[in-house]
Amino acid sequence: MTPLVNPLVPGLYIVATPIGNLGDLTARAADVLSRADLIAAEDTRVTAGLLRHIGTKRPMTPYHDHNADAVRPGLVARMGMEAIALVSDAGTPLISDPGFKLVRDARAAGHNVVTIPGPCAAVAALTLAGLPTDRFLFAGFLPAKSVARATAIAEVAGIRATLVFYESGPRLGAMLAALAAGLGDREAAVTREITKKFEEAVTGSLSSLAARYADAPPKGEIVVVVAPPGEPAPPTADEGDAALIEALERLPASKAAGEVAKRLGLDRRALYARAMELKA
């Protein structure tokens, strides 16, 4: 390989690549890839196609779930003298892949770490879904087995944010049905083939989407976006009394009223008056 005329500063470069449309590769990403001493790629065959697109060839080495622990120390050692670019098959590295350990170890070794941002399927799906984007949680892939999947869904059910999941076509129908059972029939969007010719975002309730895809699994990379839960029902008078009675066993009336008011979102003065009635 011909030595580079204008080499990069040694270190780790985290390079986002297109999720479908090669036109989404940024000029900065193309420049870094063309000047890196080595590219650590999820699949070198995929990355070779990207390099052909920008008209360059660079040394590559596989870096993925199955070999990361073995390969990582050698990559970190080379960062002291060479520029190592990290790429995934599509999108931003570290999102649902093992790259964070490479970043952690590079920093621990005192190496330069640079990010070259760009496409990310999770964020792109949020922009297509038409659901709240002020708060969101990326949950990656749910477990394949039903019990583990239900447990994972229960863990995020109460989070007041839009939820973002990755999924494959053959598992989509069962996954949507499990989401409907675990989260309630929230609004959702199934996005696929983002940035490609057949890009689509199908919206509806989780139950309607589950029925749509039950016997017709779609092709392509899929991102499921689910609306946050609705506002919780206000506490009942009995719930307020129960909370006050428990608090009065530990605290004077004024502090008990303040604690319950903060926890349940009720009026503190009314709670204090009720606390005095209960004490009497």
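The values are calculated or read from the model by the stated rules, or taken from the named source; none is laboratory data. Given the structure is predicted, the values throughout are model-derived calculations rather than measurements. Cβ coordinates were reconstructed from backbone atoms using ideal geometry, including for glycine residues, and neighbour counts include every protein chain displayed.
Just a few scattered comments:
- Within segment 184-204, the set of residues being within 18 Å of the chain's Cα centre (by Cα) and not hydrophobic (A, V, I, L, M, F, W, C) comprises THR191, ARG192, GLU193.
- Sole residue being among the hydrophobic types (A, V, I, L, M, F, W, C) and in contact (Cβ under 8 Å) with a residue 40 or more places away in the chain, chosen from VAL164, VAL147: VAL164
- Condition check for VAL147: touching a strand residue (DSSP E or B) at 6+ places or on another chain (Cβ under 7 Å) and among the β-branched types (Val, Ile, Thr): no
- Only residues that are surrounded by 12 or more Cβ atoms within 10 Å (Cβ to Cβ) and in a helix (DSSP H, G or I) were counted in segment 50-73, giving 7.
For every residue, the table says whether it meets (1) of a type outside the set (S, T, N, Q); (2) farther than 27 Å from CYS120 by Cβ; (3) not assigned by TED's automatic domain parsing to the domain that holds LEU131.
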| position | (1), (2), (3) |
| --- | --- |
| ALA189 | yes, no, no |
| GLU200 | yes, no, no |
| ASP215 | yes, yes, no |
| GLY220 | yes, no, no |
| GLU249 | yes, yes, yes |
| LYS255 | yes, yes, yes |
| LYS262 | yes, yes, yes |
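- Within this structure, ALA83 passes the test of being surrounded by 19 or more Cβ atoms within 10 Å (Cβ to Cβ) and either acidic (Asp, Glu) or touching an Asp or Glu at 6+ places or on another chain (Cβ under 7 Å) (or both).
- Odd one out for LEU131 among (1) exposed (fewer than 14 other Cβ atoms within 10 Å of the Cβ); (2) touching a residue at least 40 places away in the same chain (Cβ under 8 Å); (3) within 16 Å of PRO229 (Cβ to Cβ): (1)
- Flag if ALA174 is loosely packed, with under 14 Cβ neighbours inside 10 Å, out of contact with any Gly (no Cβ under 6 Å at 6 or more places or on another chain) and closer than 30 Å to PRO18 by Cβ: no
- The residues of segment 8-30 that are over 26 Å from LYS101 (Cβ atoms) and either out of contact with any Pro (no Cβ under 6 Å at 6 or more places or on another chain) or in a loop (DSSP other than H, G, I, E, B) (or both), listed by number, are GLY20, ASN21, LEU22, GLY23, ALA27, ALA30.
- Per-region count, segment 1-49, residues closer than 27 Å to ARG104 by Cβ, of a type in the set (Asp, Glu) and surrounded by fewer than 19 Cβ atoms within 10 Å (Cβ to Cβ): 2
- Test: residue in segment 47-59 that is over 20 Å from GLY220 (Cα atoms) and touching a Phe, Trp or Tyr at 6+ places or on another chain (Cβ under 6 Å): no
- Among the candidates LEU183, LEU179, the residue that is out of contact with any Lys or Arg (no Cβ under 9 Å at 6 or more places or on another chain), surrounded by 17 or more Cβ atoms within 10 Å (Cβ to Cβ) and under 18 Å from LEU126 (Cβ atoms) is uniquely LEU183.
- From the options PHE138, PHE100, residue that is under 30 Å from VAL190 (Cβ atoms) and assigned to a helix (DSSP H, G or I): PHE100
- Segment 141-160, subset within 21 Å of LEU209 (Cα to Cα) and in a loop (DSSP other than H, G, I, E, B), residue farthest from the chain's Cα centre (by Cα): LYS145
- Test for ALA144: is it modelled with pLDDT of 95 or more and loosely packed, with under 15 Cβ neighbours inside 10 Å: no
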